[in-house]
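These notes concern the structure reproduced below.
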Amino acid sequence: MLLLSIETSCDETAAAVVRDGREILSSVISSQVAIHAMYGGVVPEIASRKHLESITPVISHALQEAGVGMEEIEGVAVTRGPGLSGALLVGFSAAKAIAAARKIPFVGVHHIEGHLFATFLEKPVDFPFLALVVSGGHTHLYHVEDYGHYTTLGRTIDDAAGEAYDKCAKIMGMPYPGGHLIDRMAQSGKSDAIRLPRPLLRDGTLNFSFSGLKTAVLQHTMKNPVSIPGQDADDLCASFQEAVCHVLAAKTEAAIRQTGAARLVVAGGVACNSGLRLRMAALCEQLGVELSIPHPSLCGDNAAMLAVPGDHYLSHGLVSPLSMDVTATWDMDSIKESLK
Ligand code: KG4
Ligand code: ZN
């Protein structure tokens, strides 16, 4: 199927044209990051307004870049949730309008389902697999049995990993979102320079907690102000990155041992992180597990990733009704019930 996919759950307006859930003909991402950076984080009202301005040009651009006309599109996949309701509504309404006008099927997809399957655009992974999703809103370990069949094994009980990166960057005086800046500075720092906690490391669950780490960084900087650029700041970034990656790797290892997983997918914006990529590669090598992490260009929010589950659902007749609405919160584990 030739699918148009649309993503507007947060601060990126994105559209893509993808053939058979595999071949990306175009992937256009219009980021609002520069606007939100002025406020130190995403302002929902501004996000909705910017999506409204960008949605039509972004879709037109995606079709043009793919070299296909709207009349050739056979289905639409769109993020239904979770995310900011007003932001989701813009992409979701556009998808429904196109589906209704063109009399083609559309399907509402879970945003994290998109992240999970982004790696399939490079190389499909055999089911079942274990997935670590690390983004601005999620830090979850899932057992993935098939499309739509997800079981949460562990999750953050407070901040997500990306959120912790962004908050730590903010404490250090860096612009939003600062995850990639910490990653870059960490490469020139000493990871054992500052002792930071390893939250929930030995609690016996597969859950995560990052808010205490953020507090530890705040307390450290209050006693030892850092200046950027500077070795102190690089050392703090490297120590923070070490603490986050250590916990992510330890819990992932525990999940692999508990489930006997033979394959691991790491996905979401934080999967761009150089330290995490190296750590996961070493872990999988040591345990003999096949690792799939998408290219960094497919880790962050994009629309192409939605076309993978979208194509699967539509080609199996799992079409969403036009009466469907967006949902700001949506439990991945509940999707399997809706497929029965
Ligand atoms: O998946 P994503 O694009 O959006 C959400 O669904 O949340 O993830 C965005 C998150 C932000 O918190 C951002 O700071 C973080 O991913 N991020 C990184 C890196 N690149 C993006 N965190 C650490 N290291 C990076 N290189
Ligand atoms: Zn995302």
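Points to keep in mind about this one:
- Condition broken by HIS220, with the remaining ones in (1) within 26 Å of the chain's Cα centre (by Cα); (2) within 19 Å of LYS167 (Cβ to Cβ) satisfied: (1)
- Yes/no for PRO225 being more than 16 Å from ligand 2 (Cβ to nearest atom) and in contact (Cβ under 8 Å) with a residue 60 or more places away in the chain: no
- Residue that is within 16 Å of ligand 1 (Cβ to nearest atom) and assigned by TED's automatic domain parsing to the domain that holds LEU63, where the choices are LEU88, LEU132: LEU88
- Among residues of the stretch 293-338, those that are touching a strand residue (DSSP E or B) at 6+ places or on another chain (Cβ under 7 Å) and either basic (Lys, Arg) or away from ligand 1 (no atom under 16 Å from the Cβ) (or both), counted: 12
- Yes/no for LYS214 being surrounded by fewer than 16 Cβ atoms within 10 Å (Cβ to Cβ), out of contact with any strand residue (DSSP E or B) (no Cβ under 6 Å at 6 or more places or on another chain) and not assigned by TED's automatic domain parsing to the domain that holds VAL43: no
- Restricting attention to the stretch 175-188 and to residues that are open to solvent by 20 Å² or more (accessible area, probe 1.4 Å) and outside any helix (DSSP H, G or I), the residue that is farthest from ligand 2 (Cβ to nearest atom) turns out to be SER188.
- Residues in the stretch 253-293 that are touching a Gly at 6+ places or on another chain (Cβ under 9 Å) and more than 16 Å from ligand 2 (Cβ to nearest atom) were compared, and the one that is most open to solvent (accessible area, probe 1.4 Å) is ALA262.
- Subset of the stretch 163-174 that is part of a helix (DSSP H, G or I) and more than 15 Å from ARG277 (Cβ to Cβ) - its residue that is nearest to the chain's Cα centre (by Cα): GLU163
- Matching residues in the stretch 137-152 - criterion: being surrounded by 22 or more Cβ atoms within 10 Å (Cβ to Cβ) and farther than 22 Å from GLY317 by Cα: HIS138, THR139, HIS140, LEU141, TYR142
- Of all residues in the stretch 48-67, none satisfies being buried (at least 19 other Cβ atoms within 10 Å of the Cβ) and in contact with a Phe, Trp or Tyr (Cβ under 7 Å, 6 or more places away or on another chain).
- Of the strands (runs of 3 or more DSSP E) lying entirely inside the stretch 88-161, those containing at least 3 residues that are in contact with a strand residue (DSSP E or B) (Cβ under 9 Å, 6 or more places away or on another chain) and under 23 Å from VAL289 (Cβ atoms) are 129-134, 139-146, 149-155.
- First in the stretch 66-77 and at pLDDT below 95, second anywhere and small (Gly, Ala, Ser), Cβ under 9 Å, 6 or more apart: none
- Test for ASP158: is it more than 16 Å from ligand 1 (Cβ to nearest atom) and surrounded by fewer than 20 Cβ atoms within 10 Å (Cβ to Cβ): no
- Restricting ASN224, ASN207 to residues that are in contact with a strand residue (DSSP E or B) (Cβ under 6 Å, 6 or more places away or on another chain), farther than 30 Å from ALA303 by Cβ and not aliphatic (A, V, I, L, M) narrows the list to ASN207.
- Count of residues meeting criterion [within 20 Å of LEU318 (Cα to Cα), in contact (Cβ under 8 Å) with a residue 24 or more places away in the chain and surrounded by fewer than 24 Cβ atoms within 10 Å (Cβ to Cβ)] in the stretch 1-35: 4
The values are calculated or read from the model by the stated rules, or taken from the named source; none is laboratory data. Because the structure is predicted, anything quoted here is derived from the model rather than measured. For neighbour counting, all protein chains shown are included, and Cβ atoms are generated from backbone atoms with ideal geometry for every residue, glycine included. What goes into the accessible areas is simple: the full protein's heavy atoms, side chains included, and nothing from ligands, DNA or RNA. Shrake-Rupley method; radii C 1.70, N 1.55, O 1.52, S 1.80 Å.
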